[in-house]
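Scroll down for the structure; my scribbles are underneath it.
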Amino acid sequence: MRRCWRWGALALGTLAGVAGAQDEAPSLAAFLLRQTGSANSAQCHHIAHIARPQAHRHVGLIASCTDNADGSRQAWVFVADEAATGPIKLQVLSAPFDFGGSRHYVELVQAQGAQRFSIQINYRGGCGTSFDRFRIAFHQGDWVVAGLDSQSTNCGAPGEGTGSSRQERSADFLTGRVEERDYQHNKLVARRTHVDEFRRFALSDFDPFDPAYGPR
């Protein structure tokens, strides 16, 4: 299911991972048009904008506005800086991953400062909506996936409200701490904590469906 991508005449190897000096565009609109095929489609662009003294920062998930033959789309997570009088310059761009179909979609992208942001991906299901919220941070000189908060809904007992029975899991990939919580009728019925060993998840290798992030 992987991976096919083009950026004009530039080779993929120069863009995946930490961006080089040539990875620039004259504006955010030009970058989005080159990357996704559209400069302003809400279907393809999920971006948070961070105001900074020297340059604005743009972070988020973007996807091709054109489906592949099998109905899938290519998508990327990126961080880019845009100087007030200069071009937009990529800081990191993930390798492309498949992000198509009607079951999952980006709910929101939120910035928690210039070096932290989160991306929430929702999943439609017969028993309600579940989600994965990825926490991304600049850590020890690199952009990494720092943690994952997940919620999975159950159908529950007859007459129980949608989503009132669910499992929640929060994993900190930097410390290894994992907390799991079970709810029934919106009441906490079980809580477990433990420590796992996680490898370092570079943002350049981000794939929201990678099982290495753990169960959810």
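The values are calculated or read from the model by the stated rules, or taken from the named source; none is laboratory data. Please read these numbers as outputs of a predicted model, since none were measured by experiment. Remember, those area values only see protein heavy atoms, side chains included, never the ligands or the DNA or RNA. Shrake-Rupley method; radii C 1.70, N 1.55, O 1.52, S 1.80 Å.
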Ordering Val109, Val195, Val145 from largest to smallest accessible area (1.4 angstrom probe), what's the sequence? Val195, Val109, Val145
Excluding ligands, DNA and RNA, what is the solvent-accessible area per residue of the chain at a probe of 1.4 Å, expressed in Å²? 51 Å²
Can you send over the carbon and sulfur percentage of the accessible area for the stretch 99-156, probe radius 1.4 Å, protein chains only? 43 percent
Which label marks the calculated value of semi-axes √(5λ) of the Cα gyration tensor in Å, given the options (1) 24, 20, 17; (2) 30, 21, 15; (3) 33, 20, 15? (3)
When all protein chains stay in place, what accessible area (Å², nearest 10, 1.4 Å probe) is found for Phe209? 80 Å²
Nearest 500 deg cm²/dmol is fine: what mean residue ellipticity at 222 nm does the chain get from its DSSP H runs of n ≥ 4 alone, each adding -39,500 (n - 2.57), divided by its residue count? -1000 deg cm²/dmol
For the full complex of protein chains and a 1.4 angstrom probe, list Cys127, Cys44 by accessible area with the highest value first. Cys127, Cys44
Keeping the other protein chains in place, figure out the carbon and sulfur percent of the accessible area of the stretch 28-73, with a 1.4 Å probe. 49 percent
